[in-house]
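The values are calculated or read from the model by the stated rules, or taken from the named source; none is laboratory data. Values in this document were obtained by computation on a predicted structure and should not be read as measured data. Using ideal geometry, Cβ is built from the backbone for each residue, glycine included, and neighbour counts are taken over all protein chains shown. For accessibility, only protein heavy atoms count, side chains too; no ligands or nucleic acids. Shrake-Rupley method; radii C 1.70, N 1.55, O 1.52, S 1.80 Å.
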Amino acid sequence: MIVLNDIRYTGKAFRGAVVLPTHDGPLKFDCHVEGPMNLDPTQVKRALLGHAVRQRTR
């Protein structure tokens, strides 16, 4: 199960912890997405998840 924790706005960006499941156990990523505070929460979650997926494939 994918988990997004501790999503907060830091003044210029949203930061959050994303946990992705893998066959070798969960991977935790600290992600950030720049944008205004009034972004839709679903857009923020989607962007944080996308950031974690890009980090995973590196």
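Brief remarks on what is shown
- Filtered residue count, segment 43-57, keeping only those that are of a type outside the set (Gly, Ala, Ser) and open to solvent by less than 80 Å² (accessible area, probe 1.4 Å): 6
- Residues that are over 12 Å from Val44 (Cα atoms), part of a strand (DSSP E or B) and open to solvent by 80 Å² or more (accessible area, probe 1.4 Å) within segment 1-18 comprise just one, Asp6.
- Remark: Gly25 falls outside the filter, which requires a residue to be out of contact with any helix residue (DSSP H, G or I) (no Cβ under 9 Å at 6 or more places or on another chain), without any contact (Cβ under 8 Å) to a residue 24 or more places away in the chain, part of a helix (DSSP H, G or I) and open to solvent by less than 40 Å² (accessible area, probe 1.4 Å).
- Scope segment 33-58; condition out of contact with any His (no Cβ under 7 Å at 6 or more places or on another chain), not basic (Lys, Arg) and not in a helix (DSSP H, G or I); matching residues: Glu34, Gly35, Pro36, Met37, Asn38, Leu39, Asp40, Thr57
- Restricting attention to segment 28-42, the residues that are of a type in the set (A, V, I, L, M, F, W, C), open to solvent by 70 Å² or more (accessible area, probe 1.4 Å) and within 8 Å of the chain's Cα centre (by Cα) total 0.
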